[in-house]
1. What residue, among those in segment 58-84 that are outside any helix (DSSP H, G or I) and hydroxyl-bearing (Ser, Thr, Tyr), is surrounded by the fewest Cβ atoms within 10 Å (Cβ to Cβ)?
2. Name every residue in segment 91-111 that is assigned to a loop (DSSP other than H, G, I, E, B) and surrounded by 16 or more Cβ atoms within 10 Å (Cβ to Cβ), in order of residue number.
3. For residue 65, which of the numbered conditions (1) touching a residue at least 12 places away in the same chain (Cβ under 8 Å); (2) within 16 Å of ligand 1 (Cβ to nearest atom); (3) not assigned by TED's automatic domain parsing to the domain that holds residue 144 fails to hold?
4. Run residue 134 past the list (1) aromatic (Phe, Trp, Tyr); (2) within 16 Å of ligand 1 (Cβ to nearest atom); (3) farther than 30 Å from residue 22 by Cβ and report the number of the one that doesn't hold.
5. Within segment 1-15, can you find the residues that are assigned to a loop (DSSP other than H, G, I, E, B), at pLDDT 95 or above and more than 8 Å from ligand 1 (Cβ to nearest atom)?
6. Output the number of residues of segment 8-53 satisfying the condition of being closer than 26 Å to residue 71 by Cα and within 16 Å of ligand 2 (Cβ to nearest atom).
7. Identify, please: which residue in segment 112-129 is surrounded by 12 or more Cβ atoms within 10 Å (Cβ to Cβ) and basic (Lys, Arg) and is, among those, farthest from the chain's Cα centre (by Cα)?
8. Out of 131, 126, which single residue is in contact with a Gly (Cβ under 6 Å, 6 or more places away or on another chain) and outside any helix (DSSP H, G or I)?
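The values are calculated or read from the model by the stated rules, or taken from the named source; none is laboratory data. Model, not experiment: these values are computed from the prediction. Neighbour counts run over all protein chains shown; Cβ positions are idealised from the backbone, glycine included.
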Amino acid sequence: MIEVKNIKKIFGDKTIIEDVSAVMKAGQCNLIIGSSGSGKTVLMKCMVGLFEPNAGEVLYHGENFTAMTGKDKTEIRKEIGMLFQGSALFDSQTVEQNVMFPLNMFSKDSYKIKLNRVNEVLERVNLVGANKKFPSELSGGMKKGRTGKSHRP
Ligand SMILES: Nc1ncnc2c1ncn2[C@@H]1O[C@H](COP(=O)(O)OP(=O)(O)O)[C@@H](O)[C@H]1O
Ligand SMILES: [Mg+2]
């Protein structure tokens, strides 16, 4: 369960979101709806720790994520996946290198094990054999991994 409590985010003299609270239960599909520029992405970035809120907190399974130190935050972040509006792939890296990037940061597994993992997730999104392609060679849907038939939660 993710809880957002009284989140506030200010940029300069502009208050983007103020006093936003929500409870997102596990196993449910939770939507954030709002007009363009209303602060949906800013809220999401506060939730995953890319932005530091000016007030309020975000709790994962009852634990205060906002107040955590880097190392504890990293543990929670390993469980978070975020699909960016603009796909956010490294243009100079292949599909395989892009997918392997977080594994290289956080795992001490051998290259072979990491490659197995990469191929497993590529299979899930119907991108078998796309390992050596660069983002510029992919369609919009492929960049977002939306070509899969059966996404595992
Ligand atoms: N890094 C930033 N610095 C300053 N202002 C930002 C930043 N990110 C977003 N904003 C502003 O916050 C407001 C909400 O943006 P955003 O959350 O991206 O809207 P949306 O609801 O369309 O996702 C906009 O006015 C935008 O200009
Ligand atoms: Mg947005």
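1. Pass one, segment 58-84, residues outside any helix (DSSP H, G or I): 58-69, 78-84.
Now narrow it down to the ones that are hydroxyl-bearing (Ser, Thr, Tyr): 60, 66, 69.
Details: 60: 18, 66: 18, 69: 7.
Looking at the filtered set, the residue picked out is 69.
2. Kept after step one, since they are assigned to a loop (DSSP other than H, G, I, E, B), are these residues of segment 91-111: 91-94, 107-110.
Residue satisfying the conditions is 94 alone.
3. (2)
4. (2)
5. Answer for segment 1-15, where residues must be assigned to a loop (DSSP other than H, G, I, E, B), at pLDDT 95 or above and more than 8 Å from ligand 1 (Cβ to nearest atom): just 13.
6. Adding up the residues that qualify gives 11.
7. Among those residues, the one meeting the criterion is 114.
8. The match here is 126.
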